Every structure is written in structure tokens, then in C-alpha cells.
Amino acid sequence: MNEGRSPTPAAPRATSTDGRDTALTALIRIALAVLFLDELVVGFWNQVFPASFYNNFPTVTLTPPFSEHYARDFGGATLGLAVVLGIALVAPRAAFTIPAAAAFSTFAIPHFFFHLTHLHHATRGEKVFLTTANAVVALLGLLVIALTLVRDARRRRPPAT
């Protein structure tokens, strides 16, 4: 049936025979979903209702003064991160997940350290919340990169005989 034509190349292997790639992809998607929803909510709220975000988001008022310009700019940039995280969530290929997670981590890691060093006006509960929440999301960005690298390294290995 395929006379005179070159053979059709085999599709790349999507998962390992033991399902580990599928499990890693599921973990990558879960982490991306958390980061996407975080950025979508924070970005939308800050972009559309900057004064409400400033007055009601936990611990934001610890670093006054309010600036609508900065709030809306931050909201827009955060929505931009949500877009690339959403693309990576829908299509969790390394070409999307690694740049999306790296872009997020470029923001999240310095953000964590800023808050870690600016806790003097926070209550004990605010300190725990702020430090924990920022550490978790900063680590999730790095986790997405690591899981993607592990998953794709496994895909490149030839199957065991």
C-alpha cells in the first residue's frame, strides 16, 4: 500500500510502559494548575479591583502606600504569567512547562525573599501564612521544572529488555 513512498516515521513514545511518565505528567499538571489559578485570581483581582486587592488581600497593606498604577501593572504582569502557565497546563511539553515555570520562579523566588525580610509589621499568624504560602508557590515553580526534566529524561532512555 505504501509503494514508492518512504515509510511513515513512528510517533514518539508518549509514556513509559510502566506509566511513570503519565504519573509525572499528572503531577506537573497539578502543580501548574495551582500556579495558574493563583496567578489568575491574584492578577485579575489586582488588575480589575486594585484598591480592593490592596485593602483585602492578606498582608498586602503591610507594605504601603497603595499605588493604583503599580497595582494594575502587577495585575497585568501576573495575568501574563497566568497565560503562559495555562498554555503549559493544557500542553505540558517541556517547551512550554520549563519556560512557564522559569518565568514564574523568576518572580516567585525574589518575592518570597522580599517578604521573608519584611515581616516586622506582621502578626505571628501573618508571618506564618506569608512565609508558608510564598515558599510553597516558589517551590512549585522549581518542582515543575524538575519533574519535567525527570519525565523527559525517562522518555529518552531506551526500554529495558
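A short reminder: the numbers here are calculations on the coordinates, not readings from a lab. Predicted model only: the values in this text are computed from it and were never measured. Virtual Cβ from ideal backbone geometry, glycine too; neighbours counted across all protein chains shown.
Tabulated values for the structure
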{"read-out": "Signed unit charges on C-beta, dipole axis of the chain, positive-most listed residue Pro58, Ala103, Ala77", "value": "Ala103"}
{"read-out": "Span-rule helices in the chain, defined as complete DSSP H runs reaching 24 Å or more along the axis (Cα) with Kyte mean at least 1.0", "value": "20-48, 68-90, 94-116"}
{"read-out": "Longest segment of the chain lacking trypsin sites (Lys or Arg not before Pro) that sit in a DSSP loop with at most 14 other Cβ atoms within 10 Å", "value": "14-92"}
{"read-out": "Efficiency of FRET from Cβ geometry, Thr131 and Ala26, R₀ 22 Å, rounded to 0.05", "value": "0.20"}
{"read-out": "Cut-off 14 Å between beta-carbons: net charge of the residues surrounding Gly75, Lys and Arg +1, Asp and Glu -1", "value": "-3"}
{"read-out": "Cα-centred dipole magnitude for the chain, charges only on beta-carbon of K, R (+1) and D, E (-1), debye, nearest 20", "value": "620 debye"}
